[in-house]
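Please read the structure below before turning to the comments.
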Amino acid sequence: MPLTQSSPINMPISFKHKPGLVVYITCGDPNLEVSRDVALAAIAAGADVIELGVPFSDPVADGPVIQRASERSLRNGTNLDSVLQIAKEIREQSGAGLIVFSYMNPILQFGLERFCASLSGAGLDGALVTDLPIEEAADYLRAMKARKLAPVFLAAPTSTDERLRDVARNSRGFVYAISRTGITGTRQEIADDARKLVERLRTLTSLPIAVGFGISNAQQFAEVGSFADAAVVGSAIVETIEHNTGREAEAVSEFVRSLTGAGKTAGVPG
């Protein structure tokens, strides 16, 4: 149902059920219109938050599936401006959580103050900058706070206690807990490191904790829900788009429903 003109623009990030679902898409793959439709289909199927990925020419933290998607998107001419436009169109039709997922370089080229102003103007809730260390984020945090935007930071199993405290103190919306070190991509099982990391974070923050990197099926989604507030699914979504030319939104909807339905079937309390 489209939002009315009197509706609030920036919506607080929330997870209505447990486990909640964060869906990542590479915007512009295969094109921007499909990306918008995929995001809306994922929301209708049960996604709580959409991460709108900005394609980047050197996505060092991403596995081959997302690398291919970034390459296709860049060939289409997708940039941060066009991602923000798609975000605005999604916000006009949905109150779900919306964050930009980007490397720092496109943001610096865009301009940090302009970036935060544009996020707010498009109705986005915040951003996750994958290669911005918390220790170097002072200017970014000031600009985000001025616009009442949520900076989402990554926490890794290898993070020191001091870094986890900084991540917990400065994150808003939710904390993104990386289930393992390395690059993104699907995995056959969830690393035990993820559970231990969530336990460490629980002592430092009352924010929801979302676990990502490698979640690709209903069993893993339900498993994450047994110890975290939400799961982040990226590569499996991008791969679904890649393999379903012409029916991308429908295929993603079916996949998301298979995940969220499994969470309910597993009896995870909401």
- For n ≥ 4 DSSP H runs only, could you compute -39500 (n - 2.57) per run for the chain, divide by its residues and tell me the 222 nm figure to the nearest 500? -13500 deg cm²/dmol
- Message: Translational diffusion coefficient of the stretch 25-94 at 4 °C, 1.567 mPa s, Stokes-Einstein with Kirkwood Rh over Cα pairs, in µm²/s as a whole number.
- Response: 107
- In terms of the charge dipole of the chain, which places +1 on Lys and Arg and -1 on Asp and Glu at the beta carbon, the residue among 258, 39, 164 farthest towards the positive end is 164
- Taking only the alpha-carbon positions of the stretch 16-65 as identical scatterers, the Debye log10 I(q)/I(0) at q = 0.16, 0.20, 0.27 Å⁻¹ comes out as -0.51, -0.74, -1.03
- How high is the relative contact order of the chain, in percent, with contacts defined as C-alpha pairs under 8 Å that are six or more residues apart? 24
- With every protein chain present, what is the per residue accessible area of the chain (1.4 Å probe, Å²)? 43
- Note on the structure: One checks the Cα atoms of the stretch 128-182 and finds Rg and Dmax, in Å, of 11.0, 33
- Item | Computed over the stretch 66-222, Kirkwood Rh from alpha-carbon pairs, angstrom | 16.7
- Report, to two decimal places, the Cα Rg of the stretch 62-133 normalised by 2.2 N^0.38 Å (N = number of residues). 1.12
- Query: So which of 18/88; 18/145; 18/196; 88/148 end up more than 24 Å apart by C-alpha?
  - Reply: 18/88; 18/145
- Note on the structure: Cα-Cα pairs in the chain separated by more than 34 Å, as a whole percent of all pairs, come to 9
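The values are calculated or read from the model by the stated rules, or taken from the named source; none is laboratory data. Note that the coordinates shown come from a computational prediction; the quantities given were computed from them, not determined experimentally. Note that each Cβ is placed from the backbone with ideal geometry, even for glycine, and that neighbours are counted across all protein chains shown. Just so you know, the surface numbers come from the protein's heavy atoms only, side chains and all, with ligands and any DNA or RNA stripped out. Shrake-Rupley method; radii C 1.70, N 1.55, O 1.52, S 1.80 Å.
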